Amino acid sequence: MDPLSHPYMQHALLAGTTIALLAGLVGYFMVLRGQVFSGDMLSHVAYAGSLAALAAGVDLRLGLFAATITFAVGIGLLGGRASADDVLIGNAMAWVLGLGVFFMTLYTTHRATSNSTANVNVLFGSIFGISAVDAWLAAAIAGVLIALLLAISRPLLFASLDPAVAAAAGVPVRLLGPLFLAIVGATAGEASQAVGALLLVGLIAAPAATAQCLATQPWPAMALSGALAVAAVWVGLGLAYAIPAFPPSFTIMAALAAEYALAAVARRRSPRMMVNRHAALP
């Protein structure tokens, strides 16, 4: 049967495409700024926030977005470029994961009878179970975040490549950092709905890493990152539909890994690409 004849596949493609495009574009700047580790932390935060909301008996998306955006802005305000604060982030990750286990215990003890699969869905996503309303809502939120990211992309690129020179040129570097990480936090909340809190950093970071293997110029690499993320979601959803034993989160991650492996092989076997990459270095 035609996969697009099923409403659940239509909803998955709508939400998955917009979320993947957002994740790919945001991920490019995360890799460029050396903030992938902070994205890994947000996966723990997304889990804890979702379980806290479930334990409180409210919509898990409230806890998901509130937790990820708050922690992301906190990283931006306290740590600046988060790559310089790995010890702080590592300790925070352990504490947040402990909170997630605590909220999971509260939820399974008092409220799990109403939704016994919620914990698994938070960890691994449930994109095939997303409703039409939720799919359109996810697409709308992703569209707003993409527009906001594109609006600040030029000064953000300048600040990412040379923050000292950007600050001297009048770019509001201190404002851009927390603002960008707020977008990252919202993106983490969005991506959790597609691939789950456990795997969201893969959807954000892997396409950007692949794009940087294939493109040396910033704007083509950014566009390629978004396209690779969308392609991986499409391939992953198609494989999960064709082979029901494979969950969509697994197939999407497998597609992302395959993209990166192929790009790495192509880079090693293409002398021209290697020359171009070396020529782009200062």
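The values are calculated or read from the model by the stated rules, or taken from the named source; none is laboratory data. Just so we're clear, the structure is a prediction, and the values are computed from it rather than from any experiment. As a convention, Cβ positions derive from the backbone with ideal geometry for all residues, glycine included, and neighbour counts pool all protein chains shown.
Ile183 meets all of the listed conditions (1) among the hydrophobic types (A, V, I, L, M, F, W, C); (2) under 16 Å from the mean Cα position of the chain (by Cα); (3) under 21 Å from Leu13 (Cβ atoms) but one, namely (3).
Just one of Ala55, Ala12, Ala20 is surrounded by fewer than 22 Cβ atoms within 10 Å (Cβ to Cβ) and of a type outside the set (D, E, K, R); which is it?
Values: Ala12 fails: surrounded by fewer than 22 Cβ atoms within 10 Å (Cβ to Cβ); Ala20 fails: surrounded by fewer than 22 Cβ atoms within 10 Å (Cβ to Cβ).
When all the criteria are applied, what remains is Ala55.
Taking region 247-266 as the range and being of a type outside the set (Val, Ile, Thr) and surrounded by 15 or more Cβ atoms within 10 Å (Cβ to Cβ) as the test, the residues that pass are Pro247, Pro248, Ser249, Phe250, Met253, Ala254, Ala255, Leu256, Glu259, Tyr260, Ala263. Residue pairs whose Cβ atoms lie under 7 Å apart, sitting 6 or more positions apart in sequence or on different chains, and linking a residue in region 123-135 that is on the phi > 0 side of the Ramachandran plot to a partner that is in a loop (DSSP other than H, G, I, E, B), are Gly125/Gly196. I'm trying to understand the selection: among the residues of region 8-65, which are under 10 Å from the mean Cα position of the chain (by Cα) and of a type in the set (S, T, N, Q)? Passing the criteria: only Ser43.
Every residue in region 84-119 that is among the β-branched types (Val, Ile, Thr) and at pLDDT 65 or above, please. Of everything in region 84-119, those that are among the β-branched types (Val, Ile, Thr) and at pLDDT 65 or above turn out to be Val87, Ile89, Val96, Val101, Thr105, Thr108, Thr109.
Here are Ala53, Ala20, Ala12, Ala46: which of them is farther than 24 Å from Ala255 by Cβ and either assigned to a helix (DSSP H, G or I) or of a type in the set (Val, Ile, Thr) (or both)? After applying the criteria, what remains is Ala53.
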